[in-house]
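Q: Can you read through this structure? Questions will come right after.
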C-alpha cells in the first residue's frame, strides 16, 4: 500500500471502527446552527402628543375618528373633555396629556367656548373594560411593530401615577415610543 493510500485509510470510515463517541457528538447536529426561538412582533398604533411619540397596542384600538363636535359635561373630572356622538353611540373623550404631565389642564374643546381642533387632531376610540372611550391625540403616526427585544422597561424617574400607564419604551431606529396601557391612561 502506498504512503498516500495509508493516509487515506486513516482518514476514511471503516465498517469495523467504534464510532459511538462520534455519534453522540453529532447527535442533533444536522449542519444547521440551532435557532433561537423567533420573537413575534406586536403591532402598536403610534400617535403624537405635544411633539412626543406614544403608542398603544393595536388590539386596544377600535377605530380612529376625525374630531366631531363634543358636548361638555358639567362637573366632570378634569381629563374628560366631553362626549361625542359616533354613529348614534355616545362615547366619553379624554385628554391623557394631563395624566402624563404634558399639560397642566385640558383645553376647552367642548361647548360654546370650544376652539376649533387642529387639522391633524384625531380621536382614538379605544376598547376598555367599561366600554369604548375616545382619546384626543395631536396626530396619528401609523402602525409600528415591536419585538420584545426592542422594548425596555419604563425609567425609574417617573412620577408615581405615571408608572402604571407607561408600560415600556420602544426603540425603532433613532425613534423612541412611549408605550401606554390604555386602561391605566384613562383612569384618574
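The values are calculated or read from the model by the stated rules, or taken from the named source; none is laboratory data. All of these numbers come straight from a predicted model, not from anything done at the bench. Reconstructed Cβ throughout: ideal geometry from the backbone, glycine too, with neighbour counts over all protein chains shown.
Q: When you check residue 75 against the structure, is it on the phi > 0 side of the Ramachandran plot and without any contact (Cβ under 8 Å) to a residue 24 or more places away in the chain, yes or no?
A: Values: on the phi > 0 side of the Ramachandran plot: yes; without any contact (Cβ under 8 Å) to a residue 24 or more places away in the chain: yes.
Judged against the criteria, residue 75 is a match.
Q: Among the residues of segment 38-70, what is the count of those that are assigned to a loop (DSSP other than H, G, I, E, B) and buried (at least 16 other Cβ atoms within 10 Å of the Cβ)? It would help to see each step written out before you state the result.
A: Residues of segment 38-70 that are assigned to a loop (DSSP other than H, G, I, E, B), as a first pass: 38-41, 50-51, 67-69.
Next cut, buried (at least 16 other Cβ atoms within 10 Å of the Cβ) only: 67.
Counting residues in segment 38-70 that are assigned to a loop (DSSP other than H, G, I, E, B) and buried (at least 16 other Cβ atoms within 10 Å of the Cβ) gives 1.
Q: Another question about this same structure. Of the conditions (1) surrounded by 10 or more Cβ atoms within 10 Å (Cβ to Cβ); (2) under 18 Å from residue 56 (Cβ atoms); (3) more than 15 Å from the chain's Cα centre (by Cα), residue 154 satisfies every one except a single condition; which number is it?
A: All conditions pass for residue 154, except number (3).
Q: Here's a follow-up. Could you please find all residues in segment 79-105 being surrounded by 13 or more Cβ atoms within 10 Å (Cβ to Cβ), in contact (Cβ under 8 Å) with a residue 24 or more places away in the chain and out of contact with any strand residue (DSSP E or B) (no Cβ under 8 Å at 6 or more places or on another chain)?
A: 99, 103
Q: Among the listed residues 75, 99, 87, 119, which satisfies the condition of being out of contact with any helix residue (DSSP H, G or I) (no Cβ under 9 Å at 6 or more places or on another chain) and closer than 20 Å to residue 45 by Cβ?
A: On the way: 75 fails: closer than 20 Å to residue 45 by Cβ; 99 fails: out of contact with any helix residue (DSSP H, G or I) (no Cβ under 9 Å at 6 or more places or on another chain); 87 fails: closer than 20 Å to residue 45 by Cβ.
Within the list 75, 99, 87, 119, the selection yields 119.
Q: If you don't mind, another one. Can you tell me which of 169, 73, 123 is in a loop (DSSP other than H, G, I, E, B), surrounded by 13 or more Cβ atoms within 10 Å (Cβ to Cβ) and at pLDDT 85 or above?
A: Just one listed residue meets the conditions, 73.
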